[in-house]
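Trainee: Below you'll find the structure I mean.
The values are calculated or read from the model by the stated rules, or taken from the named source; none is laboratory data. Quick caveat, the model's predicted, so the values are computed rather than measured. Cβ atoms come from the backbone with ideal geometry, glycine included; neighbour counts cover every protein chain shown. Protein only, heavy atoms only, side chains kept; ligands, DNA and RNA dropped before computing areas. Shrake-Rupley method; radii C 1.70, N 1.55, O 1.52, S 1.80 Å.
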Amino acid sequence: MALELSPQQMATIERLLAAGFRPIAIPPYESALCLRKGECAVVLAPVANGGLKVLAPAAYLVDGNFGVRIKRGGGEVFVWKKSEIAATPGRLKELEEFRKELSEILALPPA
C-alpha cells in the first residue's frame, strides 16, 4: 500500500530528509511512514489538513524495533521482546533532541 501524500506533505518530508531523517521499515508499521535519525525512530501518518501527525511516538531503537522505556532495578532501560539496552543519559538526550527537531519541522508552515 502506497501512501497518498499532498504536495504540502511531500514538502514536509523533504524538510525531514534534509535534516537527516531517513525512511525505514519497522514491523508492524511497514505500510506507514517510518523515519529514523541516529538510533531513534517515529511513525508518521498523513492528516486531512495536508499535514503529518505522529502515529507512534518517537522511540529509541532496540534491535531495529521500537524500544519501550521502563524502570528496571535502579535505573531505566529500553526493551524490545527479550533485548534491552540501558537508557543512558546520552541515549535519553538523543531521543529528546530527536523529538524536539521532529516537532519543530512538523510545526513549520507549508512552503
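Trainee: Go through (1) touching a helix residue (DSSP H, G or I) at 6+ places or on another chain (Cβ under 6 Å); (2) in contact (Cβ under 8 Å) with a residue 40 or more places away in the chain; (3) at negative phi; (4) not β-branched (Val, Ile, Thr) for residue 108 and report which single condition fails.
Mentor: (1)
Trainee: Of the residues 78, 21, which single one is over 25 Å from residue 109 (Cα atoms) and of a type in the set (Phe, Trp, Tyr)?
Mentor: Selected residue: 78, the only one of 78, 21 that is over 25 Å from residue 109 (Cα atoms) and of a type in the set (Phe, Trp, Tyr).
Trainee: Looking only at segment 4-51, which residues are assigned to a loop (DSSP other than H, G, I, E, B), open to solvent by less than 60 Å² (accessible area, probe 1.4 Å) and not small (Gly, Ala, Ser)?
Mentor: Selection gives 5, 21, 26, 47.
Trainee: How about segment 55-111: which of its residues are in a loop (DSSP other than H, G, I, E, B) and crowded, with 16+ Cβ neighbours inside 10 Å? Working first, answer last.
Mentor: Start the filter on segment 55-111 by keeping residues that are in a loop (DSSP other than H, G, I, E, B), which leaves 63-64, 67, 73-74, 81-82, 87-88, 108-111.
Listed by number, the residues that qualify are 67, 87.
Trainee: Let me ask you something else. Any residue in segment 61-84 that is of a type in the set (Asp, Glu) and closer than 30 Å to residue 6 by Cα?
Mentor: No, that holds for no residue.
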